[in-house]
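*Asks:* Here it is, the structure in full.
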């Protein structure tokens, strides 16, 4: 059996980047001839978005050659009211109807609820007793895996501590796959027992600027490890450019080359920092920033925040700086170390020039 697994689309409007990501996922499911599409929570951003979009999503979720299993997440936990029609292909697994048995496997859904860890463990043991030995068992889950070291951006704009679990909770239970949602940043998989996997696919579209890089889904065959699959949905890309005056590079040409490589569905988050000589470039700091904004147009965001360039014409011709720069060029050191050392000499020279005044 072939499964496509995603989560955290946070749908709000028809036709926007999130909606287009859903359409691409459905197209991928058709092209890959999957048997099942699983959405592990937060299909909608809020429950009222589900009410506004239900009639629009129904045609997409009907008449496919695959079933669509959905569990409520913390954002859309009140969206899937009993009797509401989301499409003829849809099976919603909630607290009341938490399992479904298909021809080749049995699937359990742990819909989001503000459970204590004791309640989570109780439910897991309950579900495990109802698993079958004749076919694989899958648990669809929406919550936080405590074994992962998280950053604030890993859940979009929300807090942590939603349905917290540990990999140890699943050991000894009869689940072959834990197909999870809630973790936005990227694709994560852990083999918690031999041949048994916990997987976060990450959000399939950038929900916030904190989710950067091409987005992915989990495309897997039962009996094999989960596999990440890139999709061409909207996403943010970091454009980080450090100006090293020792290399005599034109920052505008560097930016132009980076923008050319930016995908049609990507938007850059620009961070240009470092030092340049305005007399060599022929642009003041203000003029350089205006040129950067002109080149970027609508291809980048947060240009004001990302512009951190400093004009070094006041010390660029200093003999000490020249000698130090030449020494750096001769040393076989990595870029980050070179940057740190150059920052030190710049700060020292500025202190010598202005510190006593």
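The values are calculated or read from the model by the stated rules, or taken from the named source; none is laboratory data. All figures in this text were calculated on a predicted structure; none of them were measured in a lab. Using ideal geometry, Cβ is built from the backbone for each residue, glycine included, and neighbour counts are taken over all protein chains shown.
*Asks:* Would you confirm whether or not the range 240-250 contains a residue that is loosely packed, with under 15 Cβ neighbours inside 10 Å, modelled with pLDDT under 95 and in contact with a strand residue (DSSP E or B) (Cβ under 6 Å, 6 or more places away or on another chain)?
*Replies:* Yes; the residues of the range 240-250 include at least one that is loosely packed, with under 15 Cβ neighbours inside 10 Å, modelled with pLDDT under 95 and in contact with a strand residue (DSSP E or B) (Cβ under 6 Å, 6 or more places away or on another chain).
*Asks:* May I pose another question? Does at least one position in the range 321-329 carry a residue that is at pLDDT 70 or above, over 39 Å from the mean Cα position of the chain (by Cα), in a loop (DSSP other than H, G, I, E, B) and more than 30 Å from residue 211 (Cβ to Cβ)?
*Replies:* No: zero hits.
*Asks:* Restricting to the range 57-80, name every residue that is more than 26 Å from the chain's Cα centre (by Cα) and more than 25 Å from residue 178 (Cα to Cα).
*Replies:* Answer for the range 57-80, where residues must be more than 26 Å from the chain's Cα centre (by Cα) and more than 25 Å from residue 178 (Cα to Cα): 58, 59, 62, 63.
Every residue, every condition in (1) assigned to a loop (DSSP other than H, G, I, E, B); (2) under 25 Å from residue 162 (Cβ atoms); (3) at pLDDT 95 or above, yes or no:
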residue	(1), (2), (3)
29	no, no, yes
34	yes, no, yes
53	no, yes, yes
56	no, no, yes
62	yes, no, yes
74	yes, yes, no
78	yes, yes, no
81	yes, yes, no
84	yes, yes, no
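Condition check ((1) in the same structural domain as residue 92 (by TED's automatic domain parsing); (2) at pLDDT 85 or above; (3) under 27 Å from residue 207 (Cβ atoms); (4) more than 22 Å from the chain's Cα centre (by Cα)) across all residues:
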residue: 115; (1), (2), (3), (4): yes, yes, yes, yes
residue: 119; (1), (2), (3), (4): yes, yes, no, yes
residue: 123; (1), (2), (3), (4): yes, yes, no, yes
residue: 127; (1), (2), (3), (4): yes, yes, no, yes
residue: 133; (1), (2), (3), (4): yes, yes, no, yes
residue: 145; (1), (2), (3), (4): yes, yes, yes, no
residue: 153; (1), (2), (3), (4): yes, no, yes, no
residue: 161; (1), (2), (3), (4): yes, no, yes, no
residue: 168; (1), (2), (3), (4): yes, yes, no, yes
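*Asks:* While we're on this one: Restricting attention to the range 13-24, which residues are out of contact with any strand residue (DSSP E or B) (no Cβ under 6 Å at 6 or more places or on another chain) and surrounded by 15 or more Cβ atoms within 10 Å (Cβ to Cβ)? Step through it out loud before you land on a result.
*Replies:* So the first thing to find is which residues in the range 13-24 are out of contact with any strand residue (DSSP E or B) (no Cβ under 6 Å at 6 or more places or on another chain), and the list is 13-17, 19-24.
Result: 17, 19, 20, 21, 22, 24.
*Asks:* Filter the range 199-222 down to the residues that are more than 17 Å from the chain's Cα centre (by Cα) and either assigned to a strand (DSSP E or B) or modelled with pLDDT under 95 (or both) and list them by number.
*Replies:* First, pick out the residues of the range 199-222 that are more than 17 Å from the chain's Cα centre (by Cα): 220-222.
220, 221, listed by residue number.
*Asks:* So, in the range 43-56, of the ones that are more than 19 Å from residue 141 (Cα to Cα) and more than 22 Å from the chain's Cα centre (by Cα), which residue ends up surrounded by the fewest Cβ atoms within 10 Å (Cβ to Cβ)? Spell out the reasoning first.
*Replies:* Of the residues in the range 43-56, the ones more than 19 Å from residue 141 (Cα to Cα) are 48-56.
Now drop any that are not more than 22 Å from the chain's Cα centre (by Cα), which leaves 48, 50-56.
On the way: 48: 13, 50: 22, 51: 14, 52: 14, 53: 20, 54: 18, 55: 10, 56: 13.
Per the criteria, the residue is 55.
*Asks:* It is to be established whether one or more residues within the range 216-224 are touching a residue at least 12 places away in the same chain (Cβ under 8 Å), buried (at least 20 other Cβ atoms within 10 Å of the Cβ) and in contact with a helix residue (DSSP H, G or I) (Cβ under 6 Å, 6 or more places away or on another chain).
*Replies:* No: the range 216-224 contains no residue that is touching a residue at least 12 places away in the same chain (Cβ under 8 Å), buried (at least 20 other Cβ atoms within 10 Å of the Cβ) and in contact with a helix residue (DSSP H, G or I) (Cβ under 6 Å, 6 or more places away or on another chain).
*Asks:* For the range 276-294, which positions are crowded, with 19+ Cβ neighbours inside 10 Å and touching a strand residue (DSSP E or B) at 6+ places or on another chain (Cβ under 6 Å)?
*Replies:* Within the range 276-294, 276 is the sole residue that qualifies.
*Asks:* While we're looking at this one, here's another question. What number of residues within the range 234-264 satisfy the criterion of being assigned to a loop (DSSP other than H, G, I, E, B), in contact (Cβ under 8 Å) with a residue 40 or more places away in the chain and over 23 Å from residue 336 (Cβ atoms)? Working first, answer last.
*Replies:* Residues of the range 234-264 that are assigned to a loop (DSSP other than H, G, I, E, B), as a first pass: 234, 244, 248-250, 261-264.
Among the residues that remain, those that are also in contact (Cβ under 8 Å) with a residue 40 or more places away in the chain are: 234, 244, 263.
Remaining after also requiring over 23 Å from residue 336 (Cβ atoms): 234, 263.
So the count comes out to 2.
*Asks:* Another question about this same structure. Can you name the condition, by its number, that residue 109 falls short on among (1) outside any loop (DSSP other than H, G, I, E, B); (2) more than 18 Å from residue 180 (Cβ to Cβ)?
*Replies:* Every condition holds for residue 109 apart from (2).
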